[in-house]
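A short write-up of the structure that comes next.
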Amino acid sequence: MVRADHRAAAQTLRTALLHAPSETLVMYSKCFECERMMEGPVCWQRAPVDGNQITLRPFEDCRISRNTLQLTCLFILFIISILFIISILFILFILFILFIIFIISILFIISILFILLILFILFILFIISILFILFIISILFILLILFILFIISILFILFIISILFILLILFSLFILFSLFTLFIISILFILFILFILFIVHIKEQLPYHTALEEDQR
């Protein structure tokens, strides 16, 4: 590729083109023959020469090649943009996965805390149930002690009553025995009096002996 502008001498350009390959492209801003200004850089192609004669003609495929280059650049930019978008989407996907993992971890932590809370509540209920059972057992034990004391008191009262009843029976027996003794004594006393009266009566029935006894006196 040989680049020249309108300030370069045509001879210098031709001399350079003598040693260039036959398919050399020349970027030039003016036409060599009419010196007319072209619109933008124009590609020229060296035509096959006869001897040292050089002719320049416009290269028809240059604009197509330039368009192809532009399309290639656009395609590359499109590929790069697609890759950039894909990378952004991949990063967003990774961030979304990390967000999902974060949410799952938070939910897992919340579930663990909830399970621990449930276990703590169950432990509190277990302690309360144990205390309630101990309270019930203590109440039952107190009731049992009261019942035993009640039974003992009843037995003691019955024992006292039985003792009193026995004493009453003994006292009644003693009274009966005393009455019986008095009755026996009274009967004996009555018999004794009757015996004395009987003796006196017998003496009264023996006057002789009585008069004799009086004479002896």
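Just a few scattered comments:
- Base-10 log of normalised Debye intensity for region 74-201 (one unit scatterer per alpha-carbon) at q = 0.13, 0.17 Å⁻¹: -0.91, -1.04
- Summarising the label geometry, the points placed 7 Å from Cα in the beta-carbon direction at LEU113 and PHE171 lie 8.5 nm from one another.
- Under the simplified labelling scheme, the ILE127-PHE99 pair shows an inter-label distance of 4.3 nm, with each label point 7 Å from Cα along Cα→Cβ.
- Fully extending the segment from SER186 to ILE157 would add 6.3 nm, taking 0.36 nm per residue of separation and subtracting the current Cα-Cα distance.
Each value in this text was obtained by applying a stated rule to the coordinates, not by laboratory testing. Here the structure is a predicted model, which is why all the values come from computation and not from measurement. With ideal geometry, Cβ positions are generated from the backbone for all residues, glycine too; neighbour counts draw on all protein chains shown.
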